[in-house]
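All remarks here apply to the structure that follows.
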Amino acid sequence: MLVRTDSLAANTLYSRFTAALCLILAFASIDLQLHAADPPNVLLIVADDLGFSDLSCLGSSDMRTPNLDRLFAKSLKLDRFYANCPVCSPTRASILTGCNPDRVGVPGVIRTNPANSWGNFSPIAETLPEQLGARGYLTSAIGKWHLGLKDEDHPLNHGFESFHGFLGDMMDDYYNHLRHGVNYMRRDREEIKPKGHATDLFSQWAVNWINAPDQNSGDQPWFLYLAYNAPHTPIQPPAEWLLKVENREPEITTKRARLVALIEHMDFGIGKVLDAVDENKNGRDTVIVFTSDNGGQLNVGANNGPLRDGKQSMYEGGLRIPGCLHVPGVTTSNSQTAAICCTADILPTLIEIVGGEPKGDLDGISLKLLLSEPNHQWPTRELYFVRREGGTRYAGLSIEAVLQGELKLVHNLPTQSFELYDLSVDPEEKNDLAAKRPKELARMIQRLQIHLQRGGRMPWQ
């Protein structure tokens, strides 16, 4: 018996050693592939209000998005990817800092009217372009900023070396680019008045930047943050794109057709950008991330699949977003992961992929391990979602959610009670467990209060 027990122990030890060795070799293989050549370029594309299922590769049968379909097909698809807030500004702050947005001064939407503006992007938070710039990267932001309108809030004060885009929240018109009659279009700090649809402008400016001598020479790696206004309201596709959809989908409603056309038009522009990347490698690979800032807006026709609700809501339809990560030579075709991830994970992931070590007190974690082990099971993650808001709907109060593993606390409106859902058996959030599991409800409310106190230390107004 003693011999058999020793043999079993030895076999167990050998199995554990072999598994650990395989994991080490997998990491080594990724690092060798990533760093055998020069550091890779980085392209981060963010859509605005794109629904969880609003690409043809994600389930929308009335849509044709061949370019993003192509990107997703060669990328690691993030099936459980959460925006750190169900509205624009906070999620963008999380993407650029790796932190929960209320911890960097953006608990709500930054707007033109100070009385209804709910954030002040921290001037001391170390951003993704700052960390990449310190590693020799050329950095540029093109498209929508939405993290402040004052000079001190400008992208050039947050690590970007160039900016070509729109400082504001939403455009009242995709062609005149005004918001409340104010022009927020800029080339660096200069006010500009370009002609054309905003999506076409942002796509072409991105192509031009990629093709410019500094980026095209290959002497330095580059980081491009390309943030579209589409498909945010107003749902204003070019007429020829709308006609194409209506002719192809005779049963489609006018509301849905307009949104589909706006997304397909954005996909066409993204295709031009991806082609420019492929044509100008110059000895460097390009890591590509694509995502949205929150879920789709239901009242303009968005498709969030089976998820409950949409933009502005703490239910899954407001928080779950499309997401993929492409690393040449590493990600395999049609790979996907069910690991719980969030937009704050983008910064540490990209910094580790390019060979660095993320700086700062971050809330996000690196997803690099998922490149080799898509089925890796993280330890239980605890994610917080906070949104402060004004107007008649929220009256300056906040809505929140907490995700602990598969258990989710939802406080969706100040006038509603806390709700509790087990997403492992109820992903559509139909069965509120608050009354049945009071101890877990109380524990999660307490955890939320601790987080709110932590975020409250950061001035935001």
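The values are calculated or read from the model by the stated rules, or taken from the named source; none is laboratory data. What you see is a predicted model; the values in this text were computed from it and never measured. Cβ: placed from backbone, ideal geometry, glycine included. Neighbour counts: every protein chain shown.
Residue by residue, here is whether (1) of a type in the set (Lys, Arg); (2) more than 17 Å from Val402 (Cα to Cα); (3) in the same structural domain as Leu413 (by TED's automatic domain parsing) holds:
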position	(1), (2), (3)
Thr337	no, yes, no
Cys341	no, no, no
Ala344	no, no, no
Thr349	no, yes, no
Glu352	no, yes, no
Gly355	no, yes, no
Lys359	yes, yes, no
Gly364	no, no, no
Leu367	no, yes, no
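Taking the condition of a type in the set (Gly, Ala, Ser) and in contact with a Ser or Thr (Cβ under 6 Å, 6 or more places away or on another chain), does Ser162 pass?
yes
Here is a list of conditions, (1) surrounded by 13 or more Cβ atoms within 10 Å (Cβ to Cβ); (2) not in a strand (DSSP E or B), and Ser424 meets all of them except one; can you say which number that is?
Unmet condition: (1).
Look at the stretch 162-211 and say how many of its residues are hydrophobic (A, V, I, L, M, F, W, C), closer than 18 Å to Leu147 by Cβ and buried (at least 17 other Cβ atoms within 10 Å of the Cβ).
Count: 8.
Taking the stretch 236-273, which residues are more than 30 Å from Asn41 (Cα to Cα) and under 21 Å from the mean Cα position of the chain (by Cα)?
Selection gives Leu259, Val260.
Which residues, counting only those in the stretch 348-362, are of a type outside the set (Val, Ile, Thr) and surrounded by 22 or more Cβ atoms within 10 Å (Cβ to Cβ)?
Across the stretch 348-362, the qualifying residues are Pro348, Leu350.
Would you confirm whether or not the stretch 157-164 contains a residue that is assigned by TED's automatic domain parsing to the domain that holds Asp293, more than 15 Å from Leu224 (Cα to Cα) and out of contact with any helix residue (DSSP H, G or I) (no Cβ under 9 Å at 6 or more places or on another chain)?
no
Please work out if Leu319 is touching a strand residue (DSSP E or B) at 6+ places or on another chain (Cβ under 6 Å), of a type in the set (A, V, I, L, M, F, W, C), surrounded by 24 or more Cβ atoms within 10 Å (Cβ to Cβ) and closer than 20 Å to Lys430 by Cα.
Yes; evaluated as a whole, the condition is true for this residue.
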